[in-house]
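Taking it in order: structure first as structure tokens, then the write-up.
The values are calculated or read from the model by the stated rules, or taken from the named source; none is laboratory data. This one's a predicted model, so the numbers in the text were calculated from it and none came from an experiment. Cβ coordinates were reconstructed from backbone atoms using ideal geometry, including for glycine residues, and neighbour counts include every protein chain displayed. When the accessible area is computed, the model is the full protein with side chains, heavy atoms only, and any ligands, DNA or RNA have been set aside. Shrake-Rupley method; radii C 1.70, N 1.55, O 1.52, S 1.80 Å.
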Amino acid sequence: MRLTILGCSGSIPGPNAAASGYLLEAEGYRLGLELGTGAFAQLQTVLDPFDLDALVLSHLHADHCADVNSLTVLRRYHPAPPYPARPRQLPLYAPAEAPSRLAHAYAADAAERAAADLSDVYEFHELREETIEIGPFDVTAVAVHHPTPAFGLRIAYGGSILAYTGDTGICRGLGELADGVDVLLSEASWTDAADRPQGVHLSGKEAGELAKEAGVGRLLLTHIAPWTDRNAVLAEAKAVFPDAELVTQGAVYDL
């Protein structure tokens, strides 16, 4: 299982830094995970977007799904798409309101909104608390705590397990999500000392504590906002869980 970091800036894109976007690959299958602001541009540096086999969105905030608009334009209007060799509809797994949310984001005015229907581009699947097969991956969605319906994802392949927190505050589901995984890809949006709303995002310390308590093999920190000191977040996490590191845009991990 190979993980490529397309973008890891938290909440908003930063200078030359895309928001959330990841690519998982195994057996030639390419699974997109999030497609936030700027991530589509980065995807094109490593993959023809038509070669994406499926896309999963943990939740529907713009920093995790805004670039679905661009993917829609490509798949709908590219003058030479590779059809019918590949299906026109891309499987897209997301919370229940994804079809209307993404259509409204795509449509420019009331008239277009009335007619907007992305079912010619995407085969929508509602993300629920269950385990499903997506290509060679077994994907388990776990509800987490965020202002909008949101899920963490536990992704298994070939005896290895990657857990991705998505966006979340501390909640009971995180223990289930991270329990004993080989790699925990955890958001850490700010430091523990920061003046911050409670229950929205994790701090570096909280991510480290989660990794320690869950007995994970490796902690990868992501979704750090441009206004947050990345080194301070890392120091917090390493004080609790020494095998922690910051992900960087473009980094590739073989899991």
Computed [θ] at 222 nm, deg cm²/dmol, the chain (DSSP H ≥ 4; -39,500 (n - 2.57); rounded to nearest 500): -7000 deg cm²/dmol
Within the range 151-195: Cβ-based charge dipole about Cα centre, in debye rounded to nearest 20 (Lys, Arg +1; Asp, Glu -1): 200
Average accessible area per residue (Å²) across the range 37-150 - probe 1.4 Å, nucleic acids and ligands excluded: 47
5 angstrom amide H check on Leu127, placed H, neighbours 5+ away: Ala94, Ala96
Placed amide H near Tyr122: partners under 5 Å, 5+ positions off or other chain: Leu90
Protein accessible area in the range 175-226, 1.4 Å probe - carbon and sulfur %: 42
5 Å-binned pair-distance histogram of the chain (Cα, whole percent): 1, 6, 14, 19, 21, 17, 11, 6, 3, 1, 0
Highest-MSF residue in the chain out of Thr45, Thr131, Thr37 [GNM, Cα springs under 10 Å]: Thr45
Within the accessible area of the range 78-147 (1.4 Å probe), percent carbon and sulfur: 50
Karplus-derived HN-Hα couplings along the range 180-189 (A = 6.51, B = -1.76, C = 1.60, θ = phi - 60°), whole Hz, x at Gly and Pro: x, 6, 5, 9, 10, 8, 10, 5, 8, 6
Range in the chain, longest, excluding exposed GluC sites (Glu not before Pro) [loop by DSSP; at most 14 other beta-carbon atoms within 10 Å]: 131-255
Dipole of the range 183-253, positive direction: furthest Cα of Ala193, Leu246, Leu234, with charges on the beta-carbon: Leu246
Sites matching trypsin sites (Lys or Arg not before Pro) across the range 128-221 that sit in DSSP coil, with at most 14 neighbouring C-beta atoms within 10 Å: Arg128, Arg172
P(r) histogram, all alpha-carbon pairs of the range 84-221 included - 10 Å bins from 0, percent: 12, 34, 29, 19, 6, 0
Nearest-20 debye value, the chain charge dipole, Cβ charges on Lys, Arg, Asp, Glu: 320
Calculated FRET efficiency for the pair Asp243/Asp195, C-beta based, R₀ 25 Å, to 0.05: 0.30
The range 57-128: projected area of the alpha-carbon convex hull, averaged over directions, in nm²: 5.1
Average projected area [Cα convex hull, the range 156-195], square nanometres: 3.3
Accessible surface, per residue, of the range 174-255 when the full set of protein chains is kept, probe 1.4 Å, Å²: 42
Accessible carbon and sulfur surface of the range 1-59 relative to its total accessible area, %, 1.4 Å: 46
